[in-house]
Amino acid sequence: MKSSVLRMFMGATAAMLFAASVHAGCGSCGGCASGNGCASQSSTAGCGGCADGSGAGCGTTVSYETQTVMRSQYVTETRMVPTTTYERQTKTRTRNVTKQVARVETRSQEYTVNVPQTKTRTETYDVQVSVPYTEEQTYTVSVPVTTEVEQSYQVSVPYTEQVEQSYQVNVPYTETKTQDYTVCVPYTEQIEQTYSVQVPVTTTQTQEYQVCVPYTETQTQTYTVRVPQTETRTQEYTVNVPYTEQVEQSYNVTVPYTEQVTQTYNVMVPYTEQVEQTYTVRVPVQQTQTAYRTVSKCVPVTTMRTVQRDLGGYECQAVPAAPAATGCGCGSSSSNACGDPCGGCGGCQSSCGCGSSAAGAGCAPAVSYRRVYVPNVVCEQVPTTTYQRTTEKVPYTYTTTSYNCETKTRMVPVTRTRSESRERTVNVTRCRTETRTRTVPVTRCRQETRTRDYQVTTYTTEQRTREVPVQRTRMETRTREVPVTTMKTEQRTRTVSVQKTRQEQRTREYQVTKCRTETRTRTVPVTRTRTETRTRMVPQTTMKTEERTRTVNRTRMETEQREREVSYTVCVPETRTRNYNVTVYDTVTEEVPETYTVCVPVQSTKEVQVRVCKQVPTTVQVPVYNSAAPAAGCGCGSTAVQASPVHATPVMQAGAGCTNCGS
């Protein structure tokens, strides 16, 4: 667009310069004052000479010169564009850290101490004294007697029989069926969503805070010390000294013996019965059904679209120029001098004229040429392909399987048992009690009085003085800068993908396994038992009772009253005072350096390819019009006129010459 406007402006400027030059060259064409017109005609002169043929007319010659014209052209250039990048920098700042500082305080406390005191008292106590004596005792003893006894018993002897048995077998077979099922097909939609974002805004505030500053003072403290003192005391105590005596003791012993006893017992004898059993079988039934599913597809559609295109260009058009004031010149103001503008001027047949008999008629009207852009808008049909989504329903079949319950009957062998009573002789072990005598050692104790020395520690209280450093604190007010972060809510928009589904109907084939019942026969071994009676010799033990006599040593306990001196300790409560140290923790705030990372913008430049429209000098051929020297009283100025290139120049009509040739 810029190049077109520039070319039009340069063409208009050249046309104005050419018109001014032509007017200056032919404006001095004199009239036929002496009766001479522009009658002479030459092949090279554009304006005929006077009637007497004494001079050349206003003829113009054309020559071409090479000139440089600026045209617009797109050029790719490399430019340095400023860019901003961010670098991480590590900085240090101070933050307040609170910690607990320990200090020691001395406090007084009253406490109660139980002081032991030893006292003596006379105590009466009872002592159990053992008195031995002898006693005659009669006891019964069971003496075992063993004999051999013949015993009959029954044994179940197993034997095997082959029995033919009928049974039913479910034989499987496979069928293929078709089933229609519904599938949820996922697809994604883009939805614009508005969400809120909390943008942090950090400001700095000045804050005053209280600090406990510790300092140390020295204080005189009085404390109590308990000094220990050791004394040796003598104490009498009673000791039980053990000694051993041999004592005769009677005891009872349980002696076992065996007897043969006849016992009746029950035996569960198994037997097999065929029982009719009812059972339920689920028989599958398949059904084929038809349904429709929606299928979406994209179909290309070609349409014709009307497009306007400008195929115009520049043309050279002839425009009649305004007449000159005096003389016989070519008063053209056009920027394009087309060929020979005054070449068709004939001789003056009358007193003055250019190819006409009319008195006072001058040259033919002058014609100027200019370059005009002629548009040519052409409408064209251009094919355009678009895709349209179409939906159609496609039928499909699917198979459903349902189950019917059927009741069937079969014979099942059931093992049951019957109770039978049987007799057997078993050995029973029984016991009888016997009294026996033995000598056992008995440990007894006698009391003895002994003396011992023991150490007793007593404490004496003393008052002492010491210098104690005391940690104290004073409150100070300080100021610090505290960063405060507040959140500002902003509304933003984003496009999110939403997963949705649509249902589609599909078909699949599957295998169904069914069973048919068949009756078969087999021979199975059955184990049975028969009862046999057998005989065996069994040892039988019987017990015989005997009475015996023995002497037993016995001991009886008698009570005696005795006295003794007993020392006992009594605790007397006593109130005392003591000082103790307590550790107290004070909260102290300190400034601690902290390292953090900051993103700092850095300005730099980078190379970018840019497309720029520039004026490029171009060499073109430009025609230059030269006019000859005019004759006396008639002629065209010899001024060289330059115009823009002419593509199509219409030929001037015959008889056209300098306008207003004399009056």
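For Val115, what is the net charge nearby, where nearby means another residue's Cβ is under 14 Å from its Cβ and Lys, Arg count +1, Asp, Glu -1?
+2
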Explain nothing, just compute: Karplus ³J(HN,Hα) = 6.51 cos²θ - 1.76 cosθ + 1.60, θ = phi - 60°, for every residue of segment 245-250 in order, whole Hz, x for Gly and Pro. 10, 8, 10, 7, 9, 9
What FRET efficiency, computed as 1/(1 + (r/R0)^6) with R0 = 45 Å and r the Cβ-Cβ distance, is obtained for Ser250 and Glu123, rounded to the nearest 0.05? 0.70
May I ask you to give the solvent-accessible area per residue for segment 153-241, in square angstrom, as obtained with a 1.4 angstrom probe? 71
In nm, to one decimal, how far is the modelled label at Tyr209 from the one at Thr234, with both set 7 Å along Cα→Cβ? 7.6
Return the lysines within reach of Lys393: Cα separation strictly under 18 angstrom, same-chain partners fewer than 8 residues apart disregarded; answer none if there are no such residues. Lys297
Segment 103-143: spread of alpha-carbon positions along the three principal axes, whole Å, largest first, is 93, 38, 9
What FRET efficiency, computed as 1/(1 + (r/R0)^6) with R0 = 60 Å and r the Cβ-Cβ distance, is obtained for Val602 and Tyr187, rounded to the nearest 0.05? 0.85
Segment 409-422 - phi-based ³J(HN,Hα) in whole Hz, Karplus 6.51/-1.76/1.60, Gly and Pro as x: 10, 8, 8, 10, x, 10, 8, 10, 10, 10, 8, 10, 9, 9
So Ala12 and Ser130, fully extended at 0.36 nm per residue minus their Cα-Cα distance, gain in nm 26.3 nm
Alpha-carbon Debye profile of segment 459-507, log10 I(q)/I(0) at 0.17, 0.22, 0.31 Å⁻¹: -0.96, -1.08, -1.22
Direction-averaged shadow area of the convex hull around the Cα atoms of segment 491-550, nm²? 29.3
Can you report the principal axis dimensions of segment 376-495 using only the alpha carbons, biggest first, rounded to whole angstrom? 152, 106, 20
Set the Förster radius R0 to 22 Å, insert the Cβ-Cβ distance between Tyr279 and Glu175 as r into 1/(1 + (r/R0)^6), and round the FRET efficiency to 0.05. 0.40
At 0.36 nm per residue, minus the direct Cα-Cα distance, what do Thr495 and Glu148 gain on full extension? Give it in nm, one decimal, please. 114.0 nm
Normalised Cα Rg of segment 68-123, dividing by 2.2 N^0.38 Å with N its residue count, works out at 4.60
Please list, ordered by chain and number, the residues whose modelled amide H lies under 5 Å from the amide H of Thr435; skip anything fewer than 5 residues away on the same chain. Thr140, Val253
Expected output is a single nm value to one decimal: the length gained when fully extending between Val526 and Arg466, i.e. 0.36 nm times separation in residues minus the C-alpha distance. What is it? 10.7 nm
Just to confirm a number: summing +1 for Lys and Arg and -1 for Asp and Glu over residues other than Arg480 whose beta-carbon lies under 9 angstrom from that of Arg480, what do you get? -2
Roughly how many whole Å is it from the C-alpha centroid of segment 253-286 to that of segment 226-252? 71
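The values are calculated or read from the model by the stated rules, or taken from the named source; none is laboratory data. Computed from a predicted model, the values in this text were never measured in an experiment. Ideal geometry is used to build each Cβ from the backbone, glycine not excepted, and the neighbour counts take in all protein chains shown. All accessible areas refer to the heavy atoms of the entire protein, side chains included, with ligands and DNA or RNA removed. Shrake-Rupley method; radii C 1.70, N 1.55, O 1.52, S 1.80 Å.
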